[in-house]
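Structure, as structure tokens:
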Amino acid sequence: MKKLLKGNEAIAEAAIRGGCRFFAGYPITPQNEIPEYLSWRLREVGGEFVQAESEVAAINMVYGAGGAGARAMTSSSSPGISLKQEGISYIACAEIPCVIVNMVRSGPGLGGIQPAQGDYFQATKGGGHGDYHLLVYGPATVQECVDILYNAFDVSEKYRTPVMILGDGMLGQIMEAVELPEMKDLTKLPAKPWATDGTGVGEKRRIINSLYIEPDDMEVVIKRLYARYDEIKRNECKAETYKTEDAEIILTAYGTVGRIAKSAVNILRSKGIKAGLLRPITLYPFPDYEYAKLADKAEVKEFVDIELCMGQMIEDVKLALNGKKPVRFFGRLGGNVMSAEDIVDFVLGEVK
Amino acid sequence: MEEKIIIAGFGGQGVLSLGQFIAYSAMYENLSCTWLPSYGPEMRGGTANCSVVVSDETVASPIIATPDTLIAMNKPSLAKFVNKVKSGGTIIVNSSLIDEKVTRTDVKVSYIDAQALALEAGNAKTANIVVLGAYIAMSKILPFETVYNTIDKLFEKKPKVIPVNKKAFEIGFNSVK
């Protein structure tokens, strides 16, 4: 049976059903429903919830819990995620699985609490110091939040790479009907021979560490991380294409803007303009092959990249297109959100 | 079918829950629906609004530029959204708090004295449910019974208030000729 849930609540419940048993976080708008929900729900399933004294403490608790083998998660919003970056870099280097939710607000600085996409660079290019990436998803609907969170721990553990969900307040606050999957059977998960969970007595000592003083040791680790990113790219890259078969103009946007652009495609089509949508679902690794495919089609005249920032994803779009097709950019800033009609006006050249 | 509704008023008037009643009812009718509230530093007495989109196809954008229907529960809300309603659309005006008339002639306007009708039902707090009834009667996007039954479901934990809300819904529904 379907349930009507807010995006934030759906993220929390899907995380539980996907096996989340530890959460540490610190309050910040617009993601507070996630910790609020987990504060009572985790106890029901035998998990632990901690409201930490700070974001820095929260991410390091996730580091510890994840290292001990728990399915651990934290959530925050832009300034809070910035505070967590040191810990995220350590976690990535120590190859500890975990899930990090960023319900992005406008910025820089403390910014505002309305929807924005200015954290794209931070999320997809590493975010903290050093040579690493996260596996980053940008869901557009509440159901997609559920589907991604439900499998996020599996994916994170498979590749021993932290997973980040990039949403915004609109996605967190919107209510939609969703189908919730069954609880995952946590007794049937693959073993974690690296986890410091008290097992493996008499075997080689398990050490969780992100300090590699010897250059040769550090080099091996970085190469291992990047080999995994290649594997993730082969196996986990996802994008939605909508009415691209005969399209001449390709709109491209992610997250909530992706669904607004989808409505814009429908309006443009009703005006006789052959528009289509390419919406990346994984933001890192970036589904560049989908862009390359469309770029090679003769009928495709141009791409229009739409974001709630000054243009960050557009750099990945341009790399993927490799100069084969022109790209125009349309963005709103500061927490303002464009309507489908605004996008249509821009595409038709009616916006200065 | 796609119906885009903006519901706006003071915080505390139940505009967000009015939208949720529509959203839940749409779900029970197996329709696609999005409910998007304004969020921010809002409080009782401040302004609040929500955008609800109901469709028989999957809803893409939850952002409404030109609503098919505006439900204005107070004056500032009417002023803010009146010119955004699409030509041929509907405006429901809570005449208990709004003494002015809509000057547009290209929209259908219904004036509902929600406060008086809510008192008739037995509780002034049910003014939003009165308006819900009026909206369902005017728009016909959802069957009367579905929304009526949604009242049972959403007030499951407060069964005492179910009868007065059902009465308010009926009164609102029947207030529309």
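For the range B:36-69, which residues satisfy the criterion of being in contact (Cβ under 8 Å) with a residue 24 or more places away in the chain and within 14 Å of the chain's Cα centre (by Cα)?
Answer for the range B:36-69, where residues must be in contact (Cβ under 8 Å) with a residue 24 or more places away in the chain and within 14 Å of the chain's Cα centre (by Cα): B:LEU36, B:ALA48, B:ASN49, B:CYS50, B:SER51, B:VAL52, B:VAL53, B:VAL54, B:PRO67, B:ASP68, B:THR69.
Residues checked against (1) within 22 Å of A:LEU186 (Cα to Cα); (2) of a type outside the set (D, E, K, R); (3) part of a helix (DSSP H, G or I):
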position: A:GLN31; (1), (2), (3): no, yes, no
position: A:ALA58; (1), (2), (3): no, yes, yes
position: A:GLY64; (1), (2), (3): yes, yes, yes
position: A:ALA70; (1), (2), (3): yes, yes, no
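Working only within the range A:294-313, note down all residues that are in contact with an Asp or Glu (Cβ under 7 Å, 6 or more places away or on another chain) and buried (at least 21 other Cβ atoms within 10 Å of the Cβ).
Within the range A:294-313, A:VAL300, A:MET313 meet the criteria.
In the set A:GLU248, A:GLU176, which member is touching a residue at least 40 places away in the same chain (Cβ under 8 Å), acidic (Asp, Glu) and within 14 Å of another protein chain (Cβ to nearest Cβ)?
A:GLU176
Answer yes or no: is there a residue in the range A:179-193 that is of a type outside the set (Asp, Glu) and within 14 Å of another protein chain (Cβ to nearest Cβ).
Scanning the range A:179-193, I find at least one residue that is of a type outside the set (Asp, Glu) and within 14 Å of another protein chain (Cβ to nearest Cβ), so the answer is yes.
Name the single residue, out of those in the range B:10-23 being surrounded by fewer than 18 Cβ atoms within 10 Å (Cβ to Cβ) and of a type outside the set (S, T, N, Q), that is nearest to the other protein chains (Cβ to nearest Cβ).
Per the criteria, the residue is B:GLY11.
For the range B:71-177, which helices (runs of 4 or more DSSP H) that fit wholly inside it have 1 or more residues that are at pLDDT 95 or above and within 19 Å of B:VAL53 (Cα to Cα)?
Helices (runs of 4 or more DSSP H) meeting the threshold: B:75-81, B:127-139, B:144-154.
Considering the range B:27-51 alone, what residues qualify as being of a type in the set (Val, Ile, Thr) and under 17 Å from B:GLY11 (Cα atoms)?
B:THR47 - this is the single residue of the range B:27-51 that is of a type in the set (Val, Ile, Thr) and under 17 Å from B:GLY11 (Cα atoms).
Identify all residues within the range A:315-338 that are crowded, with 18+ Cβ neighbours inside 10 Å and small (Gly, Ala, Ser); write none if there are none.
A:ALA320, A:GLY331, A:GLY335
Identify, please: which residue in the range A:341-350 is surrounded by fewer than 22 Cβ atoms within 10 Å (Cβ to Cβ) and under 15 Å from A:ILE260 (Cβ atoms) and is, among those, nearest to the other protein chains (Cβ to nearest Cβ)?
Among those residues, the one meeting the criterion is A:GLU341.
For the range B:27-49, which residues satisfy the criterion of being part of a strand (DSSP E or B) and more than 9 Å from chain A (Cβ to nearest Cβ)?
Once the filter is applied, which keeps residues that are part of a strand (DSSP E or B) and more than 9 Å from chain A (Cβ to nearest Cβ), the range B:27-49 yields B:THR47, B:ALA48, B:ASN49.
Does A:ILE222 meet the test of being surrounded by fewer than 24 Cβ atoms within 10 Å (Cβ to Cβ) and either more than 14 Å from chain B (Cβ to nearest Cβ) or assigned to a strand (DSSP E or B) (or both)?
Yes, satisfied.
Among the listed residues A:ILE232, A:ILE281, identify the single one that is within 30 Å of A:CYS309 (Cα to Cα), in contact with a Leu (Cβ under 8 Å, 6 or more places away or on another chain) and among the β-branched types (Val, Ile, Thr).
Sole residue among the options that is within 30 Å of A:CYS309 (Cα to Cα), in contact with a Leu (Cβ under 8 Å, 6 or more places away or on another chain) and among the β-branched types (Val, Ile, Thr): A:ILE232.
Among (1) more than 14 Å from chain B (Cβ to nearest Cβ); (2) at pLDDT 95 or above; (3) surrounded by fewer than 24 Cβ atoms within 10 Å (Cβ to Cβ), where does A:VAL146 come up short?
(3)
Of the numbered conditions (1) touching a residue at least 60 places away in the same chain (Cβ under 8 Å); (2) within 11 Å of chain A (Cβ to nearest Cβ), B:ILE7 satisfies every one except a single condition; which is it?
So B:ILE7 meets the others, but not (2).
Name every residue in the range A:88-115 that is crowded, with 23+ Cβ neighbours inside 10 Å and under 30 Å from A:TRP194 (Cα atoms), in order of residue number.
Across the range A:88-115, the qualifying residues are A:ILE88, A:ILE91, A:ALA92, A:ILE96, A:PRO97, A:CYS98, A:VAL99, A:ILE100, A:VAL101, A:ASN102.
Do we have any residue at all in the range A:313-323 that's within 24 Å of the chain's Cα centre (by Cα) and within 14 Å of another protein chain (Cβ to nearest Cβ)?
So far as the range A:313-323 goes, no, none of its residues is within 24 Å of the chain's Cα centre (by Cα) and within 14 Å of another protein chain (Cβ to nearest Cβ).
Looking at the range B:1-35, which of its residues are more than 13 Å from the chain's Cα centre (by Cα) and among the aliphatic types (A, V, I, L, M)?
B:MET1, B:ALA26, B:MET27, B:LEU31
Inside the range A:249-297, can you point out the residues that are part of a loop (DSSP other than H, G, I, E, B), in contact with a Phe, Trp or Tyr (Cβ under 9 Å, 6 or more places away or on another chain) and either among the aromatic types (Phe, Trp, Tyr) or assigned by TED's automatic domain parsing to the domain that holds A:THR161 (or both)?
Scanning the range A:249-297 gives a single hit, A:TYR254.
Out of the range A:192-211, which residues are modelled with pLDDT of 95 or more and of a type in the set (Gly, Ala, Ser)?
Matches in the range A:192-211: A:ALA195, A:SER210.
Yes/no matrix, rows are residues, columns are (1) at pLDDT below 95; (2) surrounded by 21 or more Cβ atoms within 10 Å (Cβ to Cβ):
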{"position": "B:SER25", "(1), (2)": "no, yes"}
{"position": "B:ASN30", "(1), (2)": "no, no"}
{"position": "B:THR34", "(1), (2)": "no, yes"}
{"position": "B:GLY40", "(1), (2)": "yes, no"}
{"position": "B:GLY45", "(1), (2)": "yes, no"}
{"position": "B:ALA48", "(1), (2)": "yes, yes"}
{"position": "B:VAL53", "(1), (2)": "no, yes"}
{"position": "B:THR58", "(1), (2)": "no, no"}
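For A:LYS262, only one of the following conditions fails: (1) within 22 Å of A:LEU319 (Cα to Cα); (2) buried (at least 17 other Cβ atoms within 10 Å of the Cβ). What is its number?
It fails just one condition, (1).
The values are calculated or read from the model by the stated rules, or taken from the named source; none is laboratory data. Here the structure is a predicted model, which is why all the values come from computation and not from measurement. With ideal geometry, Cβ positions are generated from the backbone for all residues, glycine too; neighbour counts draw on all protein chains shown.
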